[in-house]
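A.B. asks: Supplied in structure tokens, the structure appears directly below.
The values are calculated or read from the model by the stated rules, or taken from the named source; none is laboratory data. A quick note: this is a predicted structure, and the numbers were derived from the prediction, not measured. Because the Cβ atoms are built from the backbone with ideal geometry, glycine has one as well, and the counts that use them run over all protein chains shown. Heavy atoms of the whole protein, side chains included, go into the accessibility calculation; ligands, DNA and RNA do not. Shrake-Rupley method; radii C 1.70, N 1.55, O 1.52, S 1.80 Å.
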Amino acid sequence: MTIRFLTLFALLLLALFTAELTSPVQAHLVRPWTDGLAAASGRVAAMFDSGVTSSGAVILDRASGFGVEIVAGCNGVEAMLVPVAAILAFRAPWRIRLAGLSAGFVAIQGLNLVRVVSLFYLGRWNFAVFEFAHLYLWQALIMLDVVVVWLLWLRWVNRAPAAEDGGNIPG
């Protein structure tokens, strides 16, 4: 079962990351998601500072002119592909898989929203601190969030009754 999981996980990761790089997926999913994340981050930041606005994938402080652009790797899409591949590769009832995907999405994207807003304020305050937090601290925290989501889901799967949803569906 471990070989099956690892093989399927690797194949799904490869397929998901490859698909994510294609022009249609970028145009219809990734760029709109990134713009939406910037808009949501801008709205959260504007709750604390009315001079913050967003346009496209950019969050801007109108008073200072400081802004951040959310680019590939910072929009939470790639981070979400890892638990998607892991959950889909693991044998579990589909209802539990879908619940795990939903909860994982909320956990990872919620933390990414906090990440973007905090980085915006860190960058406005001190660019050296922003660089460290962006390149090292938040990268590790997002991946830790991915691992925690996966481990919590595994724990839940192992506690779920085997007969739920007709038992394990070969996947």
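A.B. asks: Around Val52, with a cut-off of 15 angstrom between Cβ atoms, what is the net charge of the other residues, counting Lys and Arg +1 and Asp and Glu -1?
C.D. replies: Net of charged neighbours comes to 0.
A.B. asks: Enumerate the calculated ³J(HN,Hα) couplings along the stretch 84-90 in order (Karplus 6.51 cos²θ - 1.76 cosθ + 1.60, θ = phi - 60°), each rounded to whole Hz, writing x wherever the residue is Gly or Pro.
C.D. replies: These are the phi-based 3J(HN,Hα) values: 4, 5, 5, 5, 5, 6, 8 Hz.
A.B. asks: So how do Trp125, Trp94 rank on accessible area, 1.4 Å probe, biggest first, that is with the largest at the start? Spell out each step's value before the answer.
C.D. replies: Numbers: Trp125 180, Trp94 105 Å².
The most accessible residue leads, giving Trp125, Trp94.
A.B. asks: Okay, next question. Using a 10 angstrom cutoff on alpha carbons, build the Gaussian network for the chain and name the most mobile of Phe130, Phe48, Phe105.
C.D. replies: Result: Phe48 has the largest fluctuation of those listed.
A.B. asks: Can you compute 3J(HN,Hα) from phi for each residue in the stretch 140-155, using the Karplus curve 6.51 cos²θ - 1.76 cosθ + 1.60 with θ = phi - 60°, rounded to whole Hz and x for Gly and Pro?
C.D. replies: Karplus values, whole Hz, x for Gly and Pro: 5, 5, 5, 5, 4, 4, 4, 5, 5, 4, 4, 5, 5, 5, 4, 4.
A.B. asks: Tell me, what ³J(HN,Hα) does each residue in the stretch 7-15 have, in order and in whole Hz, if you take phi through Karplus 6.51 cos²θ - 1.76 cosθ + 1.60 with θ = phi - 60° and put x for Gly and Pro?
C.D. replies: 5, 5, 4, 5, 5, 5, 4, 4, 5
A.B. asks: Treat each spin label as a single point 7 Å out from the Cα along the C-beta direction, and report the Val147 to Val71 distance in nm.
C.D. replies: Between Val147 and Val71, the label points sit 2.7 nm apart.
A.B. asks: Can you show me the helix-derived [θ] at 222 nm for the chain, built from DSSP H runs with n ≥ 4 at -39,500 (n - 2.57) apiece and divided by the number of residues, rounded to the nearest 500.
C.D. replies: Working: 6 runs with 110 residues, N = 171.
Mean residue ellipticity, 222 nm, calculated: -22000 deg cm²/dmol.
A.B. asks: Pairs of Cα atoms under 8 Å, at least six residues apart: use those to get the relative contact order of the stretch 26-77, whole percent.
C.D. replies: With pairs under 8 Å counted, the relative contact order is 31 percent.
A.B. asks: A further question on this structure: Gaussian network model of the chain, Cα springs within a sub-10 Å range: biggest mean-square fluctuation belongs to which of Val117, Val147, Val30?
C.D. replies: Looking only at Val117, Val147, Val30, the largest GNM fluctuation is found for Val147.
A.B. asks: Right, here's the next one. Counting only protein heavy atoms and a 1.4 Å probe, tell me what percentage of the chain's accessible area is made up of carbon and sulfur.
C.D. replies: Solvent-exposed carbon and sulfur of the chain make up 71 percent of the total.
A.B. asks: The stretch 15-96: which trypsin sites (Lys or Arg not before Pro) are DSSP loop and have at most 16 other beta-carbon atoms within 10 angstrom?
C.D. replies: Arg62, Arg91
A.B. asks: Which value, in debye to the nearest 20, gives the size of the charge dipole of the chain about its Cα centre, when Lys and Arg are +1 and Asp and Glu are -1 at the Cβ?
C.D. replies: Here the chain has a charge dipole of around 420 debye.
A.B. asks: Another question, then. Who wins for biggest fluctuation among Thr18, Thr34, Thr53 in a Gaussian network model of the chain, springs between alpha carbons below 10 Å?
C.D. replies: Thr18
A.B. asks: Please give, to one decimal in nm, the separation of the simple spin-label points placed at Val25 and Ala103, each 7 Å out from Cα toward the Cβ.
C.D. replies: In this crude label model, Val25 to Ala103 measures out at 2.6 nm.
A.B. asks: What whole-number value in Å² describes the accessible area per residue of the stretch 1-111 for a 1.4 Å probe?
C.D. replies: 51
A.B. asks: Right, something else. Given R₀ = 35 Å, FRET efficiency for Ile3-Gln139 by Cβ-Cβ distance, to 0.05?
C.D. replies: Given R0 = 35 Å and the Cβ-Cβ separation, E is 0.70.
A.B. asks: Here's something else I'd like to know. Can you give me the relative contact order of the chain as a percent, contacts being Cα pairs under 8 Å and 6 or more apart? If you can, show how the numbers build up before the last one.
C.D. replies: Working: 168 pairs, mean separation 38.8, N = 171.
Relative contact order for the chain comes out at 23 percent.
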